[in-house]
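Have a look at the structure below, then the notes.
Bear in mind these aren't lab numbers, they're just calculated from the coordinates by the rules spelled out. Because the structure is predicted, anything quoted here is derived from the model rather than measured. Ideal geometry is used to build each Cβ from the backbone, glycine not excepted, and the neighbour counts take in all protein chains shown.
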Amino acid sequence: MTFLSLSFFCFFPITAVVYFCLPRRMQNPWLLLASWFFYLCAKPVYLTLLLFVVVSSYLAGLALARRRSRWVLALCLTADVVLLFLFKYVNFALSLAGRLLNAAGVDFSAPVLELVLPVGISFYLFQAMGYVIDVYRGKAEVERDFVVYALFLSFFPQVVSGPIGRAGQLIPQFRRAHTFEWTQFRAGLVRFLWGAFKKMVLADRLAVLVNTVFGAPQQFGALQLAGAAVAFSFQIYCDFSAYSDMALGVARSMGFSLLENFRTPYFSRSIAEFWRRWHISLSSWFRDYLYIPLGGSRRGTLRKYLNVLIVFTVSGLWHGAAMTFVVWGALNGLYQVAGAVTAPLRTRVWSCLHQDEDSVVRHLTSITVTFLLSTVAWVFFKAGSLTNALAVLSGMLHGPLWVFQSMGLDRQELLVAAVGLLVLFLVDLRWTGHDPVEDYLAAPRLVRWVILWTLLLACLVFGSYGTGYDAQAFLYGFSF
């Protein structure tokens, strides 16, 4: 069951109607059961693992409230890390060990363990670890109500692909009574439809072009490879931000507020700024629970740069168990180090050109360079192997300019994608200073109805369906 499945369109109305009709004391138990049912639709064994994490971190929080013990904290965090390693990284580690041993002359055939990666494990484990660390640090109160705490980790809009919640922000919302509010409901509905538009009209359509070109980069020219790389930058943004939009929309329609995960990242003027605006809940998690404990910027410049490289390499590994993700993460770290080292020189150059920090030329140049750097890094994220990634990048530099070969989309499909990207640009441009959802709520009724029906019809008429499309598969999430 995913947000764009028929089963969800049956599940959510029933869940919401019953939730608002129940008395206050029954709302949380009902919402928890509904969330577990939502998760149970993936596979029963997945729910077993989620329950284990819920119970273990809940008990750890109670133990830390009684006594601030490093051993309790270490035991809980170790158990979470071991679970994540076992289900997500053990085969990658065995494969890497096999390569190293073979390179050293030792004959070793790495076994492949048949372990299915549980849905959302990276998200709810990080959320559980953040809670335990916050309780240990005294930054969050221990939650003694098991139902409330279980909801904190299991809340169905975010359990699969986040945003990664914080105890201080989300748990108090489960302690309050929630009644149906038409304003919040319609705002949540529009946010959901905007996410569906980005996913079905843009991300899934661009995916066809991207998959076609990346699947056989040697068959395409430099401009086509560069175009596919740019298309993937927009695809992954539309895909993941769409999931976040739909999660926030579903939660808001029921009266809950989740953390914003994206703030127009492609308008960033540096890679450091980009990561303050992309997947914000994960970036802030790594900042608070890894970068700062490593010393942050408090132990000198070199140590700061090393910490940045460590954090982004780990972040790359978090996204996937493959060397392509490690390189992608490390490359983003190197970008930031290079940006910090060259900042004085770039400032002097701009001064010589008589361009102050707020000049339009400097602003647009910084945005363009940041986008291009992130696009190069995304090539490694998308490629199935380092060989494939290098083939794409090499083809941009050394291949023919253009090869008359179908890229998977006809002219009409490309036109729809271009118009959709223009709409995305205009909305994101507005989002830099205002919340478009709040603008929607303040608009006249006729305007609201036009926006609502336009988004709905765009998804129905121009959404990607049929052979070659899979509107249910999210890049950051998992289908079930």
Checklist entry - Of all chymotrypsin sites (Phe, Trp or Tyr not before Pro) in the range 335-401, which ones are in loop regions per DSSP and have a Cβ with at most 12 other Cβ atoms within 10 Å? => result none
Checklist entry - Between V45 and V447, what FRET efficiency follows from the Cβ-Cβ distance if R0 is 51 Å, with the result rounded to 0.05? => result 0.60
Item to check | Burial order of peptide ranges 384-393, 273-282, 177-186 (average beta-carbon count within 10 Å, highest first) | outcome: 273-282, 384-393, 177-186
Item to check | Selection from F462, G316, T301, by position along the positive dipole direction of the chain (Cβ) | outcome: T301
Checklist entry - What ³J(HN,Hα) values, in whole Hz, does the Karplus curve 6.51 cos²θ - 1.76 cosθ + 1.60 give for the range 114-122 when θ = phi - 60°, with x put for Gly and Pro? => result 8, 10, 8, 5, x, 4, x, 4, 5
Next on the checklist: Starting from a Cα-only point model with no solvent, please compute log10 I(q)/I(0) by Debye for the range 183-462 at q = 0.11, 0.15, 0.17 1/Å.
Outcome noted: -0.74, -1.27, -1.44
Next on the checklist: Tell me the relative contact order for the range 240-330 as a rounded percent, counting alpha carbon contacts under 8 Å between residues six or more apart.
Outcome noted: 15 percent
Checklist entry - Suppose every K and R has +1 on its Cβ and every D and E has -1 on its Cβ; what is the size of the dipole of the chain about the Cα centre, in Debye to the nearest 20? => result 1260 debye
Item to check | In sequence order, calculated HN-Hα J values of the range 129-141 (Karplus, 6.51, -1.76, 1.60; Hz; x Gly/Pro) | outcome: 5, x, 4, 4, 5, 5, 5, 4, 6, x, 8, 9, 6
Item to check | Sorted peptide list for 66-72, 210-216, criterion being average Cβ within 10 angstrom, highest first | outcome: 210-216, 66-72
Next on the checklist: Going 7 Å from the Cα of V82 along its beta-carbon direction, which residues of the range 14-50 have the amide nitrogen within less than 19 Å of the resulting point?
Outcome noted: 48-50
Checklist entry - Where the only charges are on Cβ atoms (+1 Lys, Arg; -1 Asp, Glu), what is the dipole of the range 183-462 about its Cα centre, to the nearest 20 debye? => result 500 debye
Item to check | Options V54, W328, L206, ranked by Cα towards positive dipole end of the chain, top entry (Cβ charges) | outcome: V54
Next on the checklist: I want to check the label-to-label distance for V314 and L460. Put each point 7 Å from Cα in the C-beta direction and report it in nm to one decimal.
Outcome noted: 4.8 nm
Next on the checklist: Rounded, prolate or oblate, given the Cα gyration tensor of the chain, with a/c below 1.5 counting as rounded?
Outcome noted: rounded
Checklist entry - How do 150-160, 259-269 rank on mean C-beta neighbours within 10 Å, highest first? => result 150-160, 259-269
Next on the checklist: Could you work out [θ]222 nm for the chain from helices alone, using -39500 (n - 2.57) per DSSP H run of at least four and dividing by all its residues? Round to the nearest 500 deg cm²/dmol.
Outcome noted: -22500 deg cm²/dmol
Checklist entry - Among K304/K382; K43/K88; K199/K382; K43/K198, which pairs are too far apart, with a Cα-Cα distance over 22 Å? => result K304/K382; K43/K198
Item to check | Charged-residue dipole, Cβ positions (Lys, Arg, Asp, Glu), the range 6-180 about Cα centre, Debye nearest 20 | outcome: 660 debye
Checklist outcome for this item: The ³J(HN,Hα) series, computed from each phi in the range 378-393 with the Karplus coefficients 6.51, -1.76 and 1.60 at θ = phi - 60°, rounded to the nearest Hz and given as x for glycine or proline, is 4, 4, 5, 5, 7, 4, x, 7, 5, 4, 5, 4, 5, 5, 5, 5
Checklist entry - Taking Cα centroids, how far is the range 242-319 from the range 164-229 in Å? => result 17 Å
Checklist entry - Between F126, F8, C21, whose Cα lies farthest towards the positive end of the dipole of the range 6-180 when Lys and Arg beta carbons carry +1 and Asp and Glu beta carbons carry -1, centred on the Cα centre? => result C21
